[in-house]
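The structure under discussion appears below in the form of C-alpha cells.
The values are calculated or read from the model by the stated rules, or taken from the named source; none is laboratory data. Just so you know, these numbers come straight off a predicted model, no measurement behind them. Backbone-built Cβ (ideal geometry, glycine too); neighbour counts: all protein chains shown.
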Amino acid sequence: MTAADVTLFSLGIAIMLAGAAGAFIPLIPGLPLNWLVLLGYGFWSDWGPYGFWTMFWSGLAVAAGLVCDQLAGAMGAKKFGASRAGMIGAFVGAIVGVIALNIPGLILGTFFGAMIAEIQFDKKEAKAAADSGLGALLGCLAGGVFKFMISMVLTVAYIWLVLAYTAPAPPSDGRAGREPEGLWTGGGKDLEAGGAGGIELRGFIPGSPRGRGKAHSGQITGKTVPSQGFKP
C-alpha cells in the first residue's frame, strides 16, 4: 500500500467507527456513512478489494437496518401508547440531549422529549406521557442496537477485505521451480566409463530427481550433450 492508500484506508476506518456511533446519535447518518466509505474506497482502489456483490449485499444490509430501526421505534411507541407527537419529541429531545450532555443526554433527551410532547400536544396525563416516553426510548435503543451491529459488521468487512487484498504474497518454500545452482558439461570421474560428456545437476529442476546425476541430452550454452542415461 502506498502512503495515500494507507491514509485513505485509515480515514475510512475512522468514518466507519463514526458511523457506528451514529447508530445512537441522531446527528450522524450511521449506516449510510458506512456504505459511502465502501463506495468511496472502491472507486479509489479501482474495485480491487471488492466489487459489485459486496456493494449490493452491504446496501441491502443498510436498508434492512434503517427499516428495522423505524419498525422498532414504531413498535415501542405503539406498545406504550406514544403518539406521533411523542416520537417527534423524542427525536428532537435526543438531538438536544446529545449536544448538551453526550450519551446521558441522549437517553434523558429521548425520554423527556417524548414525555413533554405528549403532555403539550396530545394532552396526556403525566403518567401516560411518561409511559409514552419510555416506549419511545426503548424503541430507539432497540433500533440503535440493531444498526450498531450492522455497522460493526460492515466495518470489520471493510478492514478484512482491504487488508486481504493488499497483503504481500506468502514466500515460496524455495523448492518448486527453483533454478539450478550450477550447470557444467564435460567428463569426470563420477561419469560412466566411456562417457563423452554429461551434465551435473546441483539443486532441483522440476521433473528431474534431486541431487547429482546425468541428464538426457539437452541444450546448455549452445552445446548439445549426448545422452548417457541417468546415474543416481
**Study point:** Odd one out for V62 among (1) crowded, with 19+ Cβ neighbours inside 10 Å; (2) of a type in the set (V, I, T); (3) out of contact with any helix residue (DSSP H, G or I) (no Cβ under 6 Å at 6 or more places or on another chain)
**Key:** (3)
Check your understanding: Which one of these does P49 not meet: (1) part of a helix (DSSP H, G or I); (2) over 29 Å from A136 (Cα atoms)?
Key -> (1)
Exercise for review: Of the numbered conditions (1) under 16 Å from L134 (Cβ atoms); (2) touching a Gly at 6+ places or on another chain (Cβ under 7 Å); (3) surrounded by fewer than 18 Cβ atoms within 10 Å (Cβ to Cβ), K78 fails exactly one; give the number of that condition.
Suggested key: (2)
Exercise for review: Report whether or not G97 is in the same structural domain as I25 (by TED's automatic domain parsing), of a type outside the set (D, E) and not in a helix (DSSP H, G or I).
Suggested key: no
Revision key, fill the gap. Checked pairs for region 58-85, first closer than 17 Å to G144 by Cα, second of a type in the set (K, R) and surrounded by 15 or more Cβ atoms within 10 Å (Cβ to Cβ), C-beta under 6 Å and 6 or more apart or across chains, list as G65/K147; D69/K147
